[in-house]
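Shown next, in structure tokens, is the structure this report addresses.
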Amino acid sequence: LRETIEAVEAAAADDRVVALIGRVGERIGGAATVQELSDAVRGFTATGKLSVVHCEAFGGEDGNGTLAYLLACAFGEIHLQPTGIAGLLGVSSEVTFLRGALDKAGIEPQFDHRHEYKNASDQLTEREFTPAHREALEAVVENWSAQITGGITAARGLDPDVLRAAIDAAPLVASEAAERGLVDRLAYRDETIADVRGRVHGDADLLALAEYV
């Protein structure tokens, strides 16, 4: 992660670099990783250089592509494969409670419990959410959801209601994502690369990030 961020920051200040082409997949890490990568890409985009991201799909029929899409929004343009899906399913969280399994095994968990919101041990001592545990988790989910929707609407210039409607209707096929303003162009990866080449220098070298490093 650190090497990637430093490379993007170096490219932003490097006069030899004329554009950044990103490729966002499903394996992008967690929320903190996405935030750090997004900051670096936004810094590159802010220089005025062309930045385009290509995605085969955001999530999929069964996968959640919300974080992948949030990262894509840091680029100046978003290209989605014509056969792709925009699986912006929003934010969720789940907890597995093991107390029932421990009871069957004849194990009685005993923990010191300091105040109702200190719920780390609830997975072992409870069979379901306590009101305080549910309240705490919902607050975290709502806060992160607000950060995501705020970041997307600011980057894409979307009305919050339009974005919420898209999330409620997801997963969306590529044409629907384009109609709702979630992506700028439907294209295959080779078409995206050709488009970027034509808009900068046609003879520019295409380097993988590791090669540039």
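The values are calculated or read from the model by the stated rules, or taken from the named source; none is laboratory data. Bear in mind that the values here come from a model prediction, so they are computed numbers and not experimental data. Positions of Cβ are generated from backbone atoms using ideal geometry, with glycine treated the same way; all protein chains shown enter the neighbour counts. Ligands, DNA and RNA are excluded from the accessible area calculation, which covers all protein heavy atoms including side chains. Shrake-Rupley method; radii C 1.70, N 1.55, O 1.52, S 1.80 Å.
Where in the range 66-126 are there trypsin sites (Lys or Arg not before Pro) that are in a DSSP coil and have at most 15 other Cβ atoms within 10 angstrom of their Cβ?
Passing sites in the range 66-126 are ARG114, LYS118.
Using a 1.4 angstrom probe on heavy atoms only, work out the carbon and sulfur share of the accessible area of the range 53-152 in %. Each step should come with its number before you reach the end.
Details: 2730 of 5660 Å².
So the carbon and sulfur contribution to the accessible surface is 48 percent.
For the chain, what is the accessible area per residue in Å² when the probe is 1.4 Å?
58 Å²
Once the piece of chain linking SER145 and LYS104 is laid out straight, how much longer is it, given 0.36 nm per residue of separation minus the C-alpha distance between them?
On the way: separation 41, 0.36 × 41 = 14.76 nm, distance 3.73 nm.
Taking 0.36 nm per residue and subtracting the Cα distance, the gain is 11.0 nm.
Report the residues of the range 34-61 in range of a label on LEU206: point 7 Å along Cα→C-beta, backbone N strictly under 14 Å from it.
Of the residues in the range 34-61, 52-55 have backbone N under 14 Å from the label point off LEU206.
Past the 19 angstrom mark, what percentage of all C-alpha to C-alpha distances in the range 35-178 do you count? List each step's numbers first, then the result.
Working: 6361 of 10296 pairs.
Value for the range 35-178 (Cα pairs over 19 Å): 62 percent.
Based on the alpha carbons, how large is the Rg to Rh ratio for the range 90-168 when Rh follows Kirkwood? All intermediate terms of the calculation are to be shown ahead of the outcome.
Numbers: Rg = 17.9 Å, Rh = 15.1 Å.
Expressed as Rg/Rh, it is 1.19.
I need the Debye-formula profile for the range 1-118: one equal scatterer per C-alpha, no solvent, reported as log10 I(q)/I(0) at q = 0.22 1/Å, two decimals.
-1.20
Label THR96 and HIS113 with points 7 Å out from Cα along Cα→Cβ: what is the distance between them in nm?
2.2 nm
Once both axes come from the Cα atoms, what is the angle between helix 31-45 and the longest principal axis of the chain, in degrees from 0 to 90, rounded to 10?
That works out to roughly 20 degrees.
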